[in-house]
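Encoded as structure tokens, the structure appears first; notes follow it.
The values are calculated or read from the model by the stated rules, or taken from the named source; none is laboratory data. Here the structure is a predicted model, which means the values were calculated and not measured. Glycine also receives a Cβ, built like all others from the backbone with ideal geometry; neighbour counts cover every protein chain displayed.
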Amino acid sequence: MPQQWNQRYSVFSELPAVCYGLQSYPHLIPNIGVGLDLACGLGQNSIFLKKHGLKMYGWDYSLAGLEQMKRHCALQEVEVNQRCIDLVNTPWPNQYFDFICVTAFLDRILCPQIVSHLKPGGILLYQTFNQVTDIAGESLNKPRRTQFLLAKSELLELFSDLVPLLYHDEQDLSQRQHPLAGKALLIARKPLLG
């Protein structure tokens, strides 16, 4: 699996756009504390969150992607603590976060771990692909394997221990121009202890 991503990131890429959830709902994101960008890719969300005020960590399985991220961080004059980690088969560091961001990535087995690494009162932003593969007869650019696609309302079920602050699941859009076309977005808070 890392070979596929290392190959994809072997050629320098421009920094992609920050995810819709971060751009559209910054008031729901803490501006102090420690954040984690899980499966961070080239780091656009990490950079945004660092500028927003969080001390950021970016974890990803692709060393080549992290190298590109390091260059983007230098160009943006921000520092993000990076870790190359197999998120599924390696124990996670004993760290806890005020904010965790996950975009364009889905491995359901990790959901309990994500919740356990959120501090009480911490916020999760999760935005990824749902099962809609075409809109108005046009195919969307997304994974085709159903294991990487969310069923309707699945994010709410996967993170039922959290309190939803905002939820979108764009299953029935007729306009492919919508930024969440074929995607689901959850922003949720971990309850405070007793």
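Does Gly43 satisfy the condition of being touching a helix residue (DSSP H, G or I) at 6+ places or on another chain (Cβ under 9 Å), on the phi > 0 side of the Ramachandran plot and modelled with pLDDT of 95 or more? Yes: the conditions hold for Gly43. Reported count of residues in the range 148-194, each being at pLDDT 95 or above, farther than 19 Å from Tyr25 by Cβ and of a type outside the set (D, E, K, R), is 3.
Could you tell me which residue of the range 38-50 is farthest from Glu14 (Cα to Cα), considering only residues that are in a loop (DSSP other than H, G, I, E, B) and among the small types (Gly, Ala, Ser)? The residue in question is Ala39. Just so you know, in the range 71-101 the residues that are exposed (fewer than 15 other Cβ atoms within 10 Å of the Cβ) and among the charged types (D, E, K, R) include one that is farthest from the chain's Cα centre (by Cα), and it is Glu77.
Residues that are crowded, with 16+ Cβ neighbours inside 10 Å and more than 18 Å from Lys119 (Cβ to Cβ) within the range 42-57 comprise Leu42, Gly43, Gln44, Asn45, Ser46, Ile47, Phe48, Lys50, listed in sequence order. Say whether the condition of being closer than 18 Å to Val163 by Cα, part of a loop (DSSP other than H, G, I, E, B), in contact (Cβ under 8 Å) with a residue 24 or more places away in the chain and out of contact with any Phe, Trp or Tyr (no Cβ under 7 Å at 6 or more places or on another chain) is met by at least one residue in the range 21-33. Yes, because at least one residue in the range 21-33 is closer than 18 Å to Val163 by Cα, part of a loop (DSSP other than H, G, I, E, B), in contact (Cβ under 8 Å) with a residue 24 or more places away in the chain and out of contact with any Phe, Trp or Tyr (no Cβ under 7 Å at 6 or more places or on another chain). Take the conditions assigned to a loop (DSSP other than H, G, I, E, B), under 19 Å from Glu157 (Cα atoms) and in contact with a Leu (Cβ under 8 Å, 6 or more places away or on another chain) and apply them to Phe129. Does it pass? The answer is no for Phe129.
The combined condition, being of a type in the set (Gly, Ala, Ser), modelled with pLDDT of 95 or more, on the phi < 0 side of the Ramachandran plot and touching a helix residue (DSSP H, G or I) at 6+ places or on another chain (Cβ under 9 Å), is fulfilled by Gly35.
Would the range 51-60 turn up any residue that is at pLDDT 95 or above and assigned to a helix (DSSP H, G or I)? Yes. The number of residues in the range 58-70 being among the charged types (D, E, K, R), buried (at least 23 other Cβ atoms within 10 Å of the Cβ) and either in contact with a Gly (Cβ under 6 Å, 6 or more places away or on another chain) or more than 23 Å from Leu124 (Cα to Cα) (or both) comes to 0.
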